[in-house]
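Below is one structure, written out as C-alpha cells; the observations come after it.
Bear in mind that the values in this text are calculations on the coordinates, not laboratory data. Predicted model, so just to flag it, every value in this text is computed and none were measured. As a convention, Cβ positions derive from the backbone with ideal geometry for all residues, glycine included, and neighbour counts pool all protein chains shown.
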Amino acid sequence: MTGLSRRLKELNPNVKIIGLDPHGSILAEPASLNNEADYPAEMHRDGYQIEGIGYDFIPRVCDRTLVDEWIKT
C-alpha cells in the first residue's frame, strides 16, 4: 500500500487512494472506524481471522497518511 500509493501520488498528485480494510483489522483511520461496536450486528464475532500481518499490529513501514479514504469491508 505505501509504496504504490507514494508512487501514484508522485505521478499524479490528484489521484485518490482508497484503502479497503476488513472488519476486525485496525489499519483504517481514524481509529473510530475500527470500533466493532459500530458494526452491524451480523458482523459481530467472538473472534476473527485475518490473513496478513498478525493480531493488532501496524507495521512501521505502513504509511497510512497516504490513504485519502478508508472503507471497512
Practice item. Between Leu11 and Glu29, with labels modelled 7 Å along Cα→Cβ, what's the label distance in nm to one decimal, could you check? Key: 2.4
Review point. Counting only residues 5 or more places away or on other chains, whose amide H sits under 5 Å from the amide H of Leu20 once H atoms are built in the peptide plane?
Key: Ile71
**Study point:** Residues whose placed amide H lies under 5 Å from that of Glu29, excluding near-sequence neighbours
**Key:** none
